[in-house]
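Please read the structure below before turning to the comments.
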Amino acid sequence: MSDFFFGTDPFSEFDRMQRQMANLFGGFPTSLRSGRFGGFPPLNIGTTDDSIEIVVFAPGIKTDQLEVSIDKGLLTISGERAQVQPEGAAEVRPYAQERFFGSFRRVIELPQSADPDKVQARYTNGCLSISVGKREASRPRAITVS
């Protein structure tokens, strides 16, 4: 008789497939939402005891083309990067183009500890740095034992 039908765990094959799928799609934070895989602009997210730190790599974008908003625990970063046309570009027919241009939108789901009233954003050297403070109650604190 086959072990497939009479094994000790009839769902072990499903568990194996689920692990393989997790390995295939793993490593991608579920709190990031983008219109497509590998969305522009790329970003890094980290945390400290006092804040959530987000760095968005968006070179070539003017600050008036960036918009940052927060609503219902979602931080939205949107903007537009114009296409750069070198001189004499009317005669050039591109066959490869890696630099993204056009509008973009990234949405980050913030943890419940984030305080939407404590958000700071600054743009320096092509990097948009966003700091979202944490609520006072969620910060770690030392408790003395008596």
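Each value in this text was obtained by applying a stated rule to the coordinates, not by laboratory testing. These figures come from a predicted structure and were not determined experimentally. Methodologically, a virtual Cβ is constructed for each residue, glycine included, from the backbone with ideal geometry; neighbour enumeration extends over all protein chains shown.
Data overview
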{"quantity": "Rough spin-label spacing in nm, given labels placed 7 Å along Cα→Cβ, for SER69 and VAL92", "calculated": "3.6 nm"}
{"quantity": "Model label zone, LYS62; criterion: amide N under 16 Å from point 7 Å along Cα-to-beta-carbon; scope the range 98-118", "calculated": "102-103"}
{"quantity": "Contour excess over end-to-end distance, with Cα ends at GLU136 and ALA82 and 0.36 nm allotted per residue", "calculated": "15.4 nm"}
{"quantity": "Fewest-first sequence of LEU110, LEU75 by Cβ atoms within 10 Å of each Cβ", "calculated": "LEU110, LEU75"}
{"quantity": "For the range 41-92, Kirkwood radius (reciprocal of mean inverse C-alpha pair distance, Å)", "calculated": "13.8 Å"}
{"quantity": "Model label zone, CYS127; criterion: amide N under 11 Å from point 7 Å along Cα-to-beta-carbon; scope the range 51-67", "calculated": "54-58"}
